[in-house]
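Okay, handing you the structure first.
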Amino acid sequence: MLNVRNLQAYYGKSHVLHGVDLNVQKGEIVSLLGRNGVGRSTTAKAIIGLVECTGEILFKGNDLTQLPTYRIAHLGIGYVPENRDIFPTLTVEENLTLGLKSRTPTGWNYEDMYRLFPRLKERRSTQAGVLSGGEQQMLTLARTMMGDPELVIIDEPTEGLAPMIVELVAGFLRELKGRGTSILLIEQKLTIALEISQRVYVMGHGHMVFEGTPDDLRRNKLVRQEWLEV
Ligand SMILES: Nc1ncnc2c1ncn2[C@@H]1O[C@H](COP(=O)(O)OP(=O)(O)OP(=O)(O)O)[C@@H](O)[C@H]1O
Ligand SMILES: [Mg+2]
């Protein structure tokens, strides 16, 4: 479904991605792991057209490299950035409405989101800007799903959240998995990533240093020590 080959990206003169290869099959959950600063978020941004890059990015046979982000979104890729991205002056429900790609919800609807995140229902008429960090994260996830993406790229959804909210987000990811949505999950928390993924990549400095199943990674102490543990 998503095939990335030899992705290279620069910020000015600094060469950040050195030939990233990755793929995600339809219905597959794939995690992208790695230490801070190795280029995981840059990889996500390059795929959805927010960072200039060279290489090959194919999604359902379409070449994404020259497309603007809104076209990529319309092809069916959702993106949840690492900095909770809400419209602060709009209400929770208005934020959800802005996630829709057509006037009526197709796959996911408001009630699905309020069932998964009851707190959003309680605060549906509240301005999003006054929500807590955890609530803003829930809203960002929910808004992205309102667009009914076939593949969703989620960048560190549990970072900095209290354990109870982390569990809510994990439940949300499990529901996506149950519905057959493809996910590229960028995570630091190994337990969640290994539980829900079919496959994992570990990124070193700008390229992949490991690809395998969660069990392969559990068994590979060398990779964990060299590229994951701090
Ligand atoms: N806008 C930018 N301008 C210049 N350098 C950047 C920019 N964004 C990221 N970088 C640099 O590119 C490298 C990769 O950053 P990236 O955000 O992709 O890392 P990451 O793996 O997502 O790590 P983390 O999210 O844990 O910080 C880092 O060295 C970072 O400092
Ligand atoms: Mg990042």
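Per residue, how much accessible area does region 157-204 have with a 1.4 Å probe, in Å²?
Accessible area per residue, region 157-204: 37 Å².
What does the charge count near Thr213 come to, summing +1 for each Lys or Arg and -1 for each Asp or Glu among other residues with Cβ under 11 Å from its Cβ?
Charge balance near Thr213 sits at 0.
Against the longest principal axis of the chain, how steep is helix 133-146, in degrees 0 to 90 to the nearest 10, with axes from Cα atoms?
The answer is roughly 90 degrees.
Still on this structure: If the elastic network links every pair of Cα atoms under 10 Å, which of Glu156, Glu211, Glu187 fluctuates the most in the Gaussian network model of the chain?
Glu211
Next question, about the same structure. Take the Cα coordinates of region 1-149, assign each an equal point scatterer, and use the Debye formula without solvent to give log10 I(q)/I(0) at q = 0.19 Å⁻¹.
-1.16
Measuring from centroid to centroid over Cα atoms, what is the spacing of region 53-70 and region 182-213 in Å?
22 Å
So, one more: How far apart, in nm, are two points set 7 Å out from the Cα along the Cα-to-Cβ line at Lys221 and at Arg5?
3.8 nm
Can you show me the helix-derived [θ] at 222 nm for the chain, built from DSSP H runs with n ≥ 4 at -39,500 (n - 2.57) apiece and divided by the number of residues, rounded to the nearest 500. Can you show the working numbers first?
Details: 9 runs with 78 residues, N = 230.
Calculated mean residue ellipticity at 222 nm is -9500 deg cm²/dmol.
Too long at a 22 Å Cα-Cα cut-off: which of Lys26/Lys177; Lys60/Lys101; Lys13/Lys60; Lys45/Lys101; Lys189/Lys221?
From the list (Lys26/Lys177; Lys60/Lys101; Lys13/Lys60; Lys45/Lys101; Lys189/Lys221), the Cα-Cα distance tops 22 Å for Lys13/Lys60.
Of the accessible area of region 85-230, with the probe set at 1.4 angstrom, what percent is carbon plus sulfur?
Numbers: 3570 of 6720 Å².
C and S atoms contribute 53 percent here.
How do Phe210, Phe87 stack up against each other in accessible area, from largest to smallest, with a 1.4 angstrom probe? Working shown, then result.
Values: Phe210 25, Phe87 95 Å².
Largest to smallest exposure gives the sequence Phe87, Phe210.
Something else: Just by accessible area at a 1.4 angstrom probe, what is the order of Thr42, Thr191 from largest to smallest?
Correct descending sequence by accessible area is Thr191, Thr42.
Ignoring ligands, DNA and RNA, how do Val209, Val92 rank by accessible area with a 1.4 Å probe, largest first?
So the residues, ranked largest to smallest area, are Val209, Val92.
So what's the angle, to the nearest 10 degrees on a 0 to 90 scale, between helix 163-178 and the longest Cα principal axis of the chain?
The helix 163-178 is inclined about 80 degrees to the chain.
Still on this model: Need one number: % antiparallel among DSSP beta bridges in the chain, to the nearest 5.
55 percent
Might you tell me the accessible area per residue for region 1-141, computed with a 1.4 Å probe and given in Å²?
48 Å²
The values are calculated or read from the model by the stated rules, or taken from the named source; none is laboratory data. Quick caveat: nothing in here was measured; it's all calculated off a predicted structure. Ideal geometry is used to build each Cβ from the backbone, glycine not excepted, and the neighbour counts take in all protein chains shown. Side chains included, ligands, DNA and RNA excluded: accessible areas come from the protein's heavy atoms. Shrake-Rupley method; radii C 1.70, N 1.55, O 1.52, S 1.80 Å.
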